[in-house]
1. Debye calculation, C-alpha points only, no solvent: report log10 I(q)/I(0) for the chain at q = 0.07, 0.09, 0.16, 0.17 Å⁻¹, in the same order as the q values.
2. Mind grabbing the base-10 log of I(q)/I(0) for segment 1-111 at q = 0.13 Å⁻¹? Debye formula, identical points on the C-alpha positions, no solvent, two decimal places.
3. Using a 1.4 angstrom probe on the protein heavy atoms only, could you order ASP65, ASP90 from most to least accessible area?
4. What is the distance in Å between the Cα centroid of segment 188-258 and that of segment 9-55?
5. Sorting LEU248, LEU82 by accessible area (1.4 Å probe), largest first, what list results?
6. Show me 196-205, 108-117 ranked by packing, highest mean number of other Cβ atoms within 10 Å first.
7. Provide the solvent-accessible area of ILE254, counting protein heavy atoms only and rolling a 1.4 Å probe, rounded to the nearest 10 Å².
8. Any chance you could list the semi-axes, whole Å, largest first, of the equivalent ellipsoid that the Cα gyration tensor gives for segment 155-258, using √(5λ)?
Amino acid sequence: MMYWLRLIRWKNLLIVFATQLLVWYCLVYTSARIYYQRLTLDWVHFFPVCLSTLLITAAGYIINDYFDIKIDIINRPEKVVLEKKIPLRDAIIAHTLLNVGGLIAVFPIAYSNRHVHWLLLQLGCMVLLWFYSTHFKRQFIIGNVVVALLTALTIVVLVIYEQLMYKYIGMPVTIRYINNTYYINPIWICAGYATFAFMLTWMREVVKDMEDHEGDAEQGCQTMPIVKGLQFSAYFVVALGAITVILLGIIAGILFST
């Protein structure tokens, strides 16, 4: 069991769960209470959406390790569990079952709200994770951006599945309630969190490529450290960090000045 938990990165999954729970409770749930609106994602329906995210994320970790066995044996042989502890066939079966489970978890919500097309988000994430593991990861920049986008989508999915949030799209940063109290538009806050998640993950992925450049180079990958060098990659991470701080400063300034 411990080897399976290592394979699906259970600590990362806990972070994803905590992120979605806090965003849902502090923004979505609180907004509904302020405006006395009925939630699509109430306590009962939030957890299936969160479960779907966790299952699809776990499946992504499995398929990534499946296609990265040769690279991981060079970069971190002590952490490789596929083939050594878990058969490849079992990993592929688990990957398939987790993806199917991710769709099953949210299908009743999408169907009951007559928005079956919501499932395209989960399907799109599955496709991106597959092609990331087979192609994008070995390409210049695109692999990093794909992972950063998928991380941001863990927040965006709550906006898509919560119909109450639709009313805030296109509205100003602050919204006046009937008692002349002003509230910050939750869409703007979600956008700020998603932006931060995107940029921070992009930085992390470049750093990870820097750590793994030896094994990646041997397998013919074209990541940034291999194409542009370690020094350029370090400067790029610093630049991303500076841009992130500036963006967060702008967003915070907008929110606190209203």
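1. -0.28, -0.47, -1.24, -1.33
2. -0.59
3. So the residues, ranked largest to smallest area, are ASP90, ASP65.
4. 26
5. LEU248, LEU82
6. Output ranking for 196-205, 108-117: 196-205, 108-117.
7. The accessible area of ILE254 comes to roughly 60 Å².
8. 39, 16, 7
The values are calculated or read from the model by the stated rules, or taken from the named source; none is laboratory data. These numbers were taken from a predicted model, which means no experiment stands behind them. A quick note on method: Cβ atoms are made from the backbone with ideal geometry, for glycine too, and the neighbour counts reach across all protein chains shown. Side chains are part of the model used for accessible areas, which takes the heavy atoms of the whole protein and leaves out ligands, DNA and RNA. Shrake-Rupley method; radii C 1.70, N 1.55, O 1.52, S 1.80 Å.
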